[in-house]
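Accompanying notes for the structure given below.
The values are calculated or read from the model by the stated rules, or taken from the named source; none is laboratory data. Computed from a predicted structure; not experimentally measured. Reconstructed Cβ throughout: ideal geometry from the backbone, glycine too, with neighbour counts over all protein chains shown. SASA here: full protein model, heavy atoms, side chains in, ligands and nucleic acids out. Shrake-Rupley method; radii C 1.70, N 1.55, O 1.52, S 1.80 Å.
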Amino acid sequence: MRKSCLGVLFVFNFILIRCELRKDPDYWAELASKELEEALNVKWNEGIAKNIILFIGDGMGPNTVTATRIYKGGESHRLSYEMFPHVGLLKTYSADKMVPDSASTATALLCGAKVNHNTMGVNALVQHRDCAASLKPGVNLESLAALALKAGKSAGFVTTMRVTHATPGPLYAHSPARQWECDASVPAGSDCKDIGRQLFEDFPGRDLHVIMGGGRQSLVPNATSTADDPTSTWACSRADGRDLIQHYRNDKQNRGLKYGVVSNNLELQNLNINETDYLLGIFANSHLQYENERNKGPEGMPSLTEMVEVAIKVLSKNSNGFFLMVEGGNIDMAHHRGRAKLAVNEASTMEQAVQVALKLTDKLDTLLVVTSDHTHTMTINGYPDRGSNIFGVIGPSRADGLNYTTIAYGTGGPGSVQYSVESVENGTRIVRQNPSNVDTDSFSYEQIAAVPLEENYHGGGDVIVYAQGPYAHLFHNVHEQHYAFHVLSYAAKIGPYSTGNAAQYNVAILLTALLSLVLLYY
């Protein structure tokens, strides 16, 4: 608990309970003893991972995790994945950028190689928007989903973003431009296929057992905009007349597969899982709404937790196991708006989905990994009191006499430019707005930023990786981001680490060593 009641005071027939944060020596000893006991009981699990679940909190850097922990239970609280026995750091730079985008970092996590900014599922020989280069033999990368399917497992993904967006895209698409989500965004005369078509027409997209998220307007012609679910000018709108959702239905019917297509809460809740081996859920024209804004009624959009629960139940029907990628994408969207509480609330929502995954799986045969693709420029500033509101104000500053917010950003959009020019006797001066005059605890409040841009940009710091299950101990220090792909593949013995491939790999190493000895001898 965050607070401890230290005494009871009787005053005028009222009972006043004084609750304070514990600071006594016994409290600190208890915390340390508990962690020491956990550490001493950690044992390596070297069994084969039947199932793999990879949670990607988009934009969920270490400071976002810290703020989420404090928001949910205080400084001494521990999130569910913070109790995983194995932790490491991932370096997030891409092949050509110090500070990356989501397509390149997701490709590193899901396909095992560093690639160029704004590209997905193709190696670093392909530059952004170079269609011709992306069509050359040997540049396409295989994803964890493709490897799982080839190994006889089920595979799928759940996201709060468009299903054609940057993070899920590398699971099934090979594109030199993350922006090519539908035909209207692909340059005229290009031989490249848009990301939406790749999802529904090509392997492995067409064979994924679970696809859930948003993005209807990139999949069907003339998507209908409503007050609760508007179309987005940031997203691509299909112009070629193709209805890819109907294509999905036709494909599954022609192959005699048991499938379901759902579009709202009611349809998802009424889904007969026993009769569903393939599930498509498209719940919004663009991205799904933030958790605090979504319509929770029958016609509304499901939460990430609800989607994850159904996804695991569908995928678990395969006795060979499954691979599932889960993206908490609205963390990133909120950070781009500079709205820290909104981002942290979305990170809290993703943590609830992790809890559901823990309940529905067994750590003995399921490798569960929680990480992020990149950070944001959010900071937690000194020196607020322990137990205070993480979204509150502190101060005053000795420099200008004004209070300041505990959270701030390095970069931000117009709403984060909280300075004005004031006339003074000898000219003008720049004056910082006083945050004490506004509601900094609002979901819509935009914290101050140092550098004004059109929106908050990504950060370039390392992200944390938390792991539990078979071979989770392979996350143990500072790693390259694409190392995660290799750990997950190795744990499940798929792709390059399958039994046959591993044997061939070992033989190749032996032959190389023998050849070296022969050359050395002669």
Scan region 473-490 for residues that are outside any helix (DSSP H, G or I), within 14 Å of residue 45 (Cβ to Cβ) and open to solvent by less than 50 Å² (accessible area, probe 1.4 Å) and report the count. 1
Take the conditions under 22 Å from residue 346 (Cα atoms), touching a Lys or Arg at 6+ places or on another chain (Cβ under 6 Å) and either open to solvent by less than 10 Å² (accessible area, probe 1.4 Å) or among the basic types (Lys, Arg) (or both) and apply them to residue 156. Does it pass? no
If residue 225 passes every condition in (1) hydroxyl-bearing (Ser, Thr, Tyr); (2) open to solvent by less than 10 Å² (accessible area, probe 1.4 Å); (3) in contact (Cβ under 8 Å) with a residue 60 or more places away in the chain but one, which one does it miss? (2)
With the requirement that a residue be of a type in the set (A, V, I, L, M), more than 22 Å from the chain's Cα centre (by Cα) and within 16 Å of residue 169 (Cα to Cα), what does region 188-241 give you? 219
So residue 356 ticks every box in (1) over 29 Å from residue 486 (Cβ atoms); (2) open to solvent by 10 Å² or more (accessible area, probe 1.4 Å); (3) assigned to a helix (DSSP H, G or I) but one. Which box is left unticked? (1)
Selection from region 456-470 of residues open to solvent by 30 Å² or more (accessible area, probe 1.4 Å), farther than 16 Å from residue 92 by Cα and either in contact with a helix residue (DSSP H, G or I) (Cβ under 7 Å, 6 or more places away or on another chain) or outside any strand (DSSP E or B) (or both) yields none
Only one of (1) in contact (Cβ under 8 Å) with a residue 24 or more places away in the chain; (2) open to solvent by 10 Å² or more (accessible area, probe 1.4 Å) fails for residue 213. Which number is that? (2)
Scan region 390-399 and tell me whether some residue there is in contact with a helix residue (DSSP H, G or I) (Cβ under 9 Å, 6 or more places away or on another chain) and closer than 27 Å to residue 56 by Cα. yes
Look at residue 148 and say whether it is touching a Phe, Trp or Tyr at 6+ places or on another chain (Cβ under 6 Å), touching a residue at least 60 places away in the same chain (Cβ under 8 Å), at negative phi and not charged (D, E, K, R). yes
Condition (residue is open to solvent by less than 60 Å² (accessible area, probe 1.4 Å), in contact (Cβ under 8 Å) with a residue 60 or more places away in the chain, over 18 Å from residue 484 (Cα atoms) and part of a helix (DSSP H, G or I)) applied to region 106-118: is it met by at least one residue? no
Can residue 257 be described as modelled with pLDDT of 95 or more and either assigned to a loop (DSSP other than H, G, I, E, B) or crowded, with 20+ Cβ neighbours inside 10 Å (or both)? yes
Taking residue 443 as the residue in question, decide whether it is aromatic (Phe, Trp, Tyr) and either over 22 Å from the mean Cα position of the chain (by Cα) or farther than 29 Å from residue 393 by Cβ (or both). no
Evaluation of residue 82 against (1) surrounded by fewer than 17 Cβ atoms within 10 Å (Cβ to Cβ); (2) under 19 Å from the mean Cα position of the chain (by Cα); (3) within 24 Å of residue 161 (Cβ to Cβ) (one fails), failing number: (3)
